[in-house]
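Peer 1: Okay, handing you the structure first.
The values are calculated or read from the model by the stated rules, or taken from the named source; none is laboratory data. From a predicted model like this one, the values you see are computed outputs, not experimental measurements. Methodologically, a virtual Cβ is constructed for each residue, glycine included, from the backbone with ideal geometry; neighbour enumeration extends over all protein chains shown. Heads up: the accessible areas ignore ligands, DNA and RNA and are worked out on the full protein's heavy atoms, side chains in. Shrake-Rupley method; radii C 1.70, N 1.55, O 1.52, S 1.80 Å.
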Amino acid sequence: MSAAAFTGTSVMDIDAAKVRGAGSNVHFDKVSVAYGAHVVLHPLTLDIAPGEILAMIGPSGSGKTTALRAVAGFVRPASGRIRIGATDVTDLPPYERGLGMVVQNYALFPHMRVEDNVAFGLRAQGADKALIGERIKDALGTVGMSAYARRYPRELSGGQQQRVAIARALAVRPRVLLLDEPLSALDAQIRRNMVEEIARLHRSLPGLTILYVTHDQTEALTLADKIAIMRDGRVCSHGPTTELYRRPPNRFTAEFLGRANLLPVTVAEAVGPKGFATARHGDALLTGAGRNEKAGDKSLLCIRPQHLSLTADSDHTNRIVGTLQEVHWQGELTHLVLDVDGTPVRVSATRLPIALPEPGAKVPLFFAPADTSLLPEDAGV
Amino acid sequence: MSEAVTLRAPAFRREPGKLWIVPPAALLALLFFYPLVLIARQAFLDDRGVANVAEVIRVLHSRFFLNALINTVSISVAATAGCLVVGLVLALILAFVPFPGSGFIARLIDTFIALPTFLVTLAFTFLYGSAGMLNAGLMETFSLPLPPVDFLYSAWGVILAEVTVYTPFILRPLLAAFSLVDRGQIEAASVLGARPFRIVRQVILPAAIPALIAGGSLCLLLTVNEFGIVLFIGAKGVITLPLLIYGKAIQESAYQVACIIAVVNIALSLGLFGLYRFAAGRLGA
Ligand SMILES: Nc1ncnc2c1ncn2[C@@H]1O[C@H](COP(=O)(O)OP(=O)(O)OP(=O)(O)O)[C@@H](O)[C@H]1O
Ligand SMILES: [Mg+2]
């Protein structure tokens with residue numbers, strides 16, 4: 001929902017420009033990184049607009065941390081340039097880049113009180129005492145830790161330590177905030193709260209550009225204006241969050257960002273003026289949102305589990321039939337697994353008919369054309 | 001009631017495990033405490049076995065004793081300071097500046113601990129002695145009549161040799177402490193705008209203070225008792241407590257004087273050892 005709040009990017013950009021003088025965009029210009037002969041980041045070109053939250057997600061080892069550390073200055077690109085605002089920072093040491101960074105294990109200074117942790121960056125930059133006092137108050141207030149200023153890190157819980165780490169990064173008023181799996185060490189409940197708090201934080205600092213590395217798609221979907229999906233050291237898709245979720249450009253994106261049912265289809269009628277194509281799956285003729293599909297193309301029809309319904313209505317005009325195999329009740333949601341001509345199809349439903357069909361029964365499934373997306377079957381990445 | 005407890009206690013205490021304290025305790029008493037007591041006793045008896053406390057006071061006020069005490073403490077403090085500085089710089093480089101072969105260098109320095117201390121002194125004589133390589137080279141290059149470098153046969157020579165020999169004792173605990181410093185903290189500090197010097201001062205050193213205290217007090221302890229290096233250098237006028245004890249006991253057969261000085265030396269050592277244990281305890285060693 002906060003993602004929705006951030007998707008009005010044009011408004012955001014104007015705000016951001018006002019607040020931060022448009023100097024906080026991050027630009028990767030064909031940046032590659034190699035350890036010895038092992039290339040871990042293939043030439044990467046990517047832009048993060050001022051005030052934007054870009055979530056970089058992808059499987060373990062896909063190069064997310066490497067990309068973030070290249071921005072911070074801890075990894076030297078083998079080729080390419082990195083710019084922050086108008087400055088080419090590729091050859092600058094980390095301490096001259098004007099960034100904030102928060103990592104998974106907090107990395108607070110254990111022998112310093114919370115307030116001294118927060119003041120560290122300002123002191124390093126030679127700020128005067130009055131300003132430091134003011135900023136400590138500000139930063140700790142922002143993360144709700146004002147009452148803990150005199151404590152040592154070891155006297156705080158994991159969630160509190162992470163708040164202090166965020167306050168420490170914010171106190172220097174960085175142009176760009178780098179977050180590398182900042183919530184991974186926290187348990188699920190606290191993580192959910194912290195995600196919402198980071199969203200709130202960003203609303204109060206709209207000019208702050210954030211690069212948010214995570215492997216958690218929920219965090220990415222909740223927070224990000226844009227998402228870049230990494231795979232094997234390359235960006236395999238990049239776009240506005242809702243766009244990428246609703247219209248994934250390839251199979252990997254569809255399956256990595258949320259759950260996806262991918263039904264193999266053959267295009268019957270090319271994409272029309274309204275952006276819909278018809279496609280055939282077995283006997284069923286289905287309508288789906290397409291790009292530039294032509295009749296005869298082999299394609300995949302992507303349908304999210306929550307968009308499949310057991311009951312028909314005026315919107316849900318597509319119909320397929322599957323054999324019910326499993327039912328998993330999870331409290332808020334019930335998951336059904338069906339077999340549709342050899343393709344496993346998952347349905348997530350909040351409400352179900354009172355008389356649930358037995359496993360083995362033939363069950364019709366309905367979905368709306370607007371909730372689908374056609375994607376090329378062989379869209380290798 | 002308390003009587004019952006004390007009466008029954010011995011019966012319960014007679015577990016086989018507890019008896020194992022006897023052999024090491026006896027050995028310790030025989031080899032360590034007994035000679036210690038003998039030395040302490042001898043300090044108050046003159047060479048005919050008659051109590052002589054006036055001699056104690058005379059020795060403690062004598063010029064030769066005070067000189068040796070001052071020499072010992074100042075050489076030891078200077079050498080320890082040198083070890084701390086050199087050890088710290090070396091440890092910082094070995095731990096935080098990635099260069100190929102740093103592990104090998106660390107192990108090489110480690111093996112220094114295994115070498116006898118006078119070996120370094122001997123090597124120093126070859127390097128910096130009046131007929132050593134440095135002087136020979138300088139004399140030849142600048143056609144000098146006399147060896148120009150002459151620090152070896154002084155307190156400076158002793159200090160330099162001790163720094164060379166004992167720096168590994170600082171290096172070891174420091175490297176151990178540095179290996180525990182979270183690299184994430186260093187990176188966080190760096191991103192926040194701290195330059196390397198500030199990071200060393202405010203992030204790395206606080207984590208290494210117990211190691212510095214432990215290594216430093218160990219160095220003090222070892223240099224206070226150093227005998228081989230001082231003897232080998234044989235600098236005129238550089239007499240330390242161990243050397244004085246040796247001279248009085250072996251060369252002059254003045255046993256009471258030797259024992260009085262030895263008691264002072266032992267007290268100094270035990271005090272430093274206490275400091276070392278305290279620091280090592282805080283380090284978790
Ligand atoms: N210092 C290094 N030396 C050699 N290889 C490295 C080094 N750091 C990372 N790599 C390699 O680079 C690749 C990308 O690593 P990176 O840490 O960027 O992955 P990641 O996407 O952040 O993964 P994760 O989700 O597990 O954190 C991995 O294959 C990793 O093994
Ligand atoms: Mg990572």
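Peer 1: How many residues are in contact with a Leu (Cβ under 7 Å, 6 or more places away or on another chain), within 14 Å of another protein chain (Cβ to nearest Cβ) and within 16 Å of residue A:112 (Cβ to Cβ) if we restrict to the range A:134-167?
Peer 2: 7
Peer 1: Go through the residues of the range B:130-146 one by one and say whether even a single one is buried (at least 22 other Cβ atoms within 10 Å of the Cβ) and of a type outside the set (Lys, Arg).
Peer 2: Within the range B:130-146, the first condition is being buried (at least 22 other Cβ atoms within 10 Å of the Cβ), and the residues that meet it are none.
No, because not a single residue in the range B:130-146 is buried (at least 22 other Cβ atoms within 10 Å of the Cβ) and of a type outside the set (Lys, Arg).
Peer 1: Filter the range A:208-241 down to residues that are within 16 Å of ligand 2 (Cβ to nearest atom) and assigned to a helix (DSSP H, G or I) and give me whichever is most open to solvent (accessible area, probe 1.4 Å).
Peer 2: Ranking the qualifying residues of the range A:208-241, first place goes to A:217.
Peer 1: In the range A:162-182, which residue that is in a loop (DSSP other than H, G, I, E, B) and in contact (Cβ under 8 Å) with a residue 60 or more places away in the chain is nearest to the chain's Cα centre (by Cα)?
Peer 2: Per the stated criteria, the residue is A:181.
Peer 1: Right, residue A:205: within 19 Å of residue A:101 (Cα to Cα) and within 16 Å of ligand 2 (Cβ to nearest atom) or not? Lay out the reasoning, then the answer.
Peer 2: On the way: within 19 Å of residue A:101 (Cα to Cα): yes; within 16 Å of ligand 2 (Cβ to nearest atom): no.
No: the conditions fail for residue A:205.
Peer 1: Quick check on my filter: what residues within the range A:66-82 are away from chain B (no Cβ under 12 Å) and more than 8 Å from ligand 1 (Cβ to nearest atom)?
Peer 2: Those that are away from chain B (no Cβ under 12 Å) and more than 8 Å from ligand 1 (Cβ to nearest atom): A:70, A:76, A:77, A:78, A:79, A:80, A:81, A:82.
Peer 1: Which helices (runs of 4 or more DSSP H) does the range B:195-285 wholly contain that include 3 or more residues that are under 17 Å from the mean Cα position of the chain (by Cα)? Even if it seems obvious, please write down each step before you answer.
Peer 2: Numbers: elements: B:196-199, B:205-224, B:228-233, B:241-246, B:255-283.
Correct list: B:205-224, B:228-233, B:241-246, B:255-283.
Peer 1: Also: Among the candidates A:132, A:136, which residue alone is part of a helix (DSSP H, G or I), over 29 Å from the mean Cα position of the chain (by Cα), in contact (Cβ under 8 Å) with a residue 12 or more places away in the chain and closer than 23 Å to residue A:197 by Cα?
Peer 2: Just a single option satisfies the conditions, and that option is A:136.
Peer 1: Looking at the range A:72-101 only, could you name the residues that are closer than 14 Å to residue A:33 by Cα and away from ligand 2 (no atom under 16 Å from the Cβ)?
Peer 2: Correct list: A:73, A:76, A:77, A:78, A:79, A:80, A:81, A:82, A:90.
Peer 1: Here is a further query. Can you tell me which residues in the range A:29-71 are at positive phi and more than 11 Å from ligand 2 (Cβ to nearest atom)?
Peer 2: Filtering the range A:29-71 down to residues at positive phi leaves A:30, A:36, A:51, A:58, A:61, A:63.
Selection gives A:30, A:36, A:51.
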